[in-house]
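Read-outs: derived from the displayed coordinates by stated rules, not from any lab. Being a predicted model, the structure only gives us computed values, none of them experimental. Here the Cβ positions follow ideal geometry from the backbone for every residue, glycine too, while neighbour counts run over all protein chains shown.
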Amino acid sequence: MRVSIACEACRHKKIKCVHEGKPPCQACKIRGLGVDCQLFSTQEFRKFKRGNSVLARLESGNLEISGDIVKSCIQCVARHYPELVFLSFPNNIDLVSVIDQVVALGLCALSAPFIKESLDSSPTEILNCFETKLMEKIDDKHSIDYLSLLQASIVWLLLNWQTGKSTKGYLFGGFADRVYIMLTKQKTEHSNLFEQEFYVRTLWAYQLTCLSLREGSSAESKSRLFKFRLPISNQDILFRQAGTEQTLDKVVIGKTTNLFSLFVYGTHIWTDCCTWVFKGGRNSDKTPPWNPNSEWSRLKNRIEQFESQLGPKMKYSPENLEAHYALGQGSIFFYMHLGLYTSKILICRNYFPFVPLDHNGPKGPFPMLPELKNAPEGWWSSNAHTVFESSRVVSMLFQGLDIHNLCPCNSFSGFCALTAASMLIYIYNFPSYDPLFHQAEVYYNNCEAFLQYYEQHWELGKYYHDFLKQTTKMLQAASTNKITVSSISAFENMKDELLDVANVAAPLPKADRLQIENLIDSPRSPRTPKTPSEECEWPGLNMAWAFDWSNLGTFTFNEYMN
């Protein structure tokens, strides 16, 4: 009789498997394979393929990757990309037997720079094989698995960005979004808690990846954050307790110990801060920041409330970071606080000048807009100290995980390290802007050490480190009143790449991307100076604008120095 149960050989040959409900089938008898014949249902066969100890069918030349290597790759990627929450399950769950083979190959490519000595093939060979197999998976019209396809799409997006192929990553981000939409439109049935959670965490992995890579959040992206329940804790998975389903708007910060929920909540705040900055920051809101009704004040209050409401085990301290590392969730704890403190830097440095006007302490941006005059006493000093203190904490976060050689090398971490280091070298060159802040060079070195480590493994890391070195040179030149055409030209050549820094990474809504491009190419960004006169005015008109904390307006660099 012909049933939905078939053997491996007949499935591969795509022929009818005729049997009596037990092996061997007629085809295997004829071929003399009766002893090896094994019958599977469709679901059983999928699990059998995924659990194969050697991924022999992922062949590209002589490429073979063992199950043990795949397991190591999964653990490596989970450490470096906390946003891929579908990889952060308890250790007693064998993800090797669950994850699709193409996804597993992508994870091997994503971890290859860190485990080269364990691989028989080069990272480039693995990456090329992954892209080939992914295209084959997309072309398979008979058995499209949207869940696995979305996971593979996320991995491909990250790989393209890490290897410096931002345009390719940007374009493929659109494909990943289509897969996400198709997956969420499907009716899904899950036989157990793990399958349900694996599905939910995959959806969140896509959303968290996009939020960490793109500028701001459109109305559609924000609505998605509230559409699905949050991941449950690993402890609930271990005890097979689904608990009460919780959405983002129902999270009570002080009463939850679910690190995944807090991670998503913090990412939501980070996204809104980035949106405000990249849409103009202080120039988009004429209300002074100290006014409780200003957008800046609302963002600052959200950050402070989130931080103050965290339970004692969830607040940042070196001891808590160490404890979460021991629990296997150090990267997620690190990521949550990295976003929290970088959010503070982003919104507060928006009210910084490119360089201070004098040595009498912080006075805000120059030229001073009318609405920024008459600030409350001590407001500028408090705002400046918040920036530098937050930069110090970011530096300590990197130092804390560096002890375990565990710092996540990804675009989000690189952006945060660059952001903090830029402000630390700022206060190092202009110490009068916060006389109470000390050891700026030490904390700067922590951030730079991470970017050097990142540079050794990924092309994107080299870009971030180069950008920091150029920033350092320009601020040093500004502090000594020595601006050279060569240093300006080096920075000017990075103008197009500024899009990447401003957005952290690729997929942007078209309108927003064009808006940023137009801003960069606006009259505020003139050509490279060719005369001494132009050379003096260039930093104020062009380079200063390159950072969202710069001065905007008509003025010359000489006004800073006189």
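Quick rundown of the values:
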read-out	value
Spacing of the two label points (7 Å from each Cα toward its C-beta) at E195 and Q235, in nm	2.8 nm
14 Å beta-carbon shell around Y325, net charge (K/R +1, D/E -1)	-1
Cβ-derived FRET efficiency at R0 22 Å, N374 paired with S284, nearest 0.05	0.60
Sites N301 and Q26, calculated FRET efficiency, Cβ-Cβ separation with R0 51 Å, nearest 0.05	0.10
Per-residue HN-Hα couplings for region 148-158 [Karplus 6.51, -1.76, 1.60; θ = phi - 60°; Hz; x = Gly/Pro]	5, 5, 5, 4, 5, 5, 4, 4, 5, 4, 5
Cβ-based exposure ranking for C447, C17, in which fewest neighbours within 10 Å come first	C17, C447
Dipole magnitude (debye, nearest 20) for region 60-213, charges at Cβ of Lys, Arg, Asp, Glu	480 debye
FRET efficiency for E44 and S223, using Cβ-Cβ distance with R0 set to 56 Å, rounded to 0.05	0.90
Long-range HN-HN contacts of F40 with modeled amide H, under 5 Å	A6, C7
Around A152: net Lys/Arg minus Asp/Glu count, Cβ-Cβ under 9 Å	+1
Whole-Hz couplings from phi, Karplus 6.51/-1.76/1.60, listed for region 374-386; x for Gly and Pro	6, 5, x, 4, x, 5, 5, 5, 5, 5, 5, 5, 4
Residue-by-residue Karplus 3J(HN,Hα) for region 305-319, coefficients 6.51, -1.76, 1.60, Hz, glycine and proline x	5, 4, 5, 6, 7, 4, x, x, 7, 9, 6, 6, 7, x, 5
Coil-residue GluC sites (Glu not before Pro) of region 334-414, DSSP, other Cβ within 10 Å capped at 11	E377
Neighbour-count order for H324, H80, fewest beta carbons within 10 angstrom listed first	H324, H80
Inter-label distance for S432 and T184, nm, one decimal - labels placed 7 Å from Cα along Cα-to-Cβ	5.3 nm
Low-density loop positions, trypsin sites (Lys or Arg not before Pro), region 252-325 - DSSP coil, at most 14 other Cβ in 10 Å	K286, K313, K315
Surrounding net charge for E295, when Lys and Arg each add one and Asp and Glu each subtract one, Cβ distance under 14 Å	+3
Exposure proxy ranking, count of Cβ atoms within 10 Å, fewest first, for C10, C73	C10, C73
Within region 398-486, trypsin sites (Lys or Arg not before Pro) in DSSP loop having at most 15 other beta-carbon neighbours inside 10 Å	K482
